[in-house]
Amino acid sequence: PTYKDWNSGISRIYNAWKLLQKPLVLADEALIESIDQLKNLWETDELRYVALEPLLQNEPDQQYYEASPDSLVLHLLTSGSTGIPKCVPNCNESVLARARGTVACHNFTSDEIILNWMPLDHVGGIVMFHVLGVYLASEQILPKIDSFIANPLNWFYWINHYRATMTWAPNFAFALVNDQAEKIKQNN
């Protein structure tokens, strides 16, 4: 997507930026020049942004925050399908309770090999799978969503290649796989 014109992606970023009271935006260094164009598009001088890569050169903070069950650990934005997204705060205990419940319900163990190509800014990617994998201390395979979109059959390749025991996808993924029916028949 371009940062010069309004599109669905830019609208989502703008709405999230406004909802979160115009926070500092972190971006890949390669995008900084493009992101600067948003100031004109959004007609604002309040957009602040910084490249992520230089921040990674800093030494880690040696002070650790001790979380309690009620500590906020994650804020997720809804899709905004009904307009402006909403911010859903998640506390430590609710995220861990979900992981514990999933493990108990399905008898998952640390032997699981989790395949998760959903991005970690999506509730499915972060809460349903990544946190679950950390909780289990299991192996995680995290291909990029772009690799799935480019070829939905990569999903099956990854399952087979990595011997994944657990995977998940939202409904749109199944539609993309179904669109590959002829290709699947040719490979049988």
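The values are calculated or read from the model by the stated rules, or taken from the named source; none is laboratory data. Please read all numbers here as calculations on a predicted model, not as lab measurements. Cβ placement follows ideal geometry from the backbone for every residue including glycine, while neighbour counts extend to all protein chains displayed. What goes into the accessible areas is simple: the full protein's heavy atoms, side chains included, and nothing from ligands, DNA or RNA. Shrake-Rupley method; radii C 1.70, N 1.55, O 1.52, S 1.80 Å.
Going by what's in this entry, would residue 82 be described as free of Cβ contacts under 8 Å to residues at least 40 places away in the same chain, open to solvent by 80 Å² or more (accessible area, probe 1.4 Å), assigned to a loop (DSSP other than H, G, I, E, B) and among the β-branched types (Val, Ile, Thr)?
yes
Do we have any residue at all in the stretch 119-133 that's under 30 Å from residue 11 (Cβ atoms), more than 18 Å from the chain's Cα centre (by Cα) and not basic (Lys, Arg)? No, the conditions are met nowhere in the stretch 119-133. Listed conditions (1) under 18 Å from residue 168 (Cβ atoms); (2) open to solvent by 40 Å² or more (accessible area, probe 1.4 Å); (3) within 20 Å of the chain's Cα centre (by Cα) are all met by residue 106, apart from (3). Residues that are over 17 Å from residue 46 (Cα atoms), of a type outside the set (Lys, Arg) and outside any loop (DSSP other than H, G, I, E, B) within the stretch 1-30 comprise 8, 9, 29, 30, listed in sequence order.
When residue 91 is tested against (1) open to solvent by less than 70 Å² (accessible area, probe 1.4 Å); (2) closer than 24 Å to residue 125 by Cα; (3) in contact (Cβ under 8 Å) with a residue 24 or more places away in the chain; (4) under 23 Å from the mean Cα position of the chain (by Cα), exactly one condition is not met: (3). The conditions of being in contact (Cβ under 8 Å) with a residue 24 or more places away in the chain, within 30 Å of residue 17 (Cα to Cα) and either in contact with a helix residue (DSSP H, G or I) (Cβ under 7 Å, 6 or more places away or on another chain) or not acidic (Asp, Glu) (or both) are met by residue 76.
All told, residue 169 meets the bar of being open to solvent by less than 40 Å² (accessible area, probe 1.4 Å) and part of a loop (DSSP other than H, G, I, E, B).
Looking only at residues that are of a type in the set (A, V, I, L, M) and more than 22 Å from the chain's Cα centre (by Cα) in the stretch 26-50, which one is surrounded by the most Cβ atoms within 10 Å (Cβ to Cβ)? Show your work before the answer.
First, pick out the residues of the stretch 26-50 that are of a type in the set (A, V, I, L, M): 26-27, 30-32, 35, 38, 41, 47, 50.
With the extra rule that they be more than 22 Å from the chain's Cα centre (by Cα), the set shrinks to 38, 41, 47.
Values: 38: 19, 41: 15, 47: 17.
Per the stated criteria, the residue is 38.
Look through the stretch 138-164, keep the residues that are assigned to a loop (DSSP other than H, G, I, E, B) and open to solvent by less than 80 Å² (accessible area, probe 1.4 Å), and return whichever of them is nearest to residue 105 (Cα to Cα).
138
Looking at 53, 59, 66, just one residue is free of Cβ contacts under 8 Å to residues at least 40 places away in the same chain, closer than 23 Å to residue 28 by Cα, surrounded by fewer than 11 Cβ atoms within 10 Å (Cβ to Cβ) and not aromatic (Phe, Trp, Tyr), and that residue is 59.
For the stretch 1-25, what are the residues that are within 15 Å of residue 78 (Cα to Cα) and surrounded by fewer than 11 Cβ atoms within 10 Å (Cβ to Cβ)?
Scanning the stretch 1-25 gives a single hit, 8.
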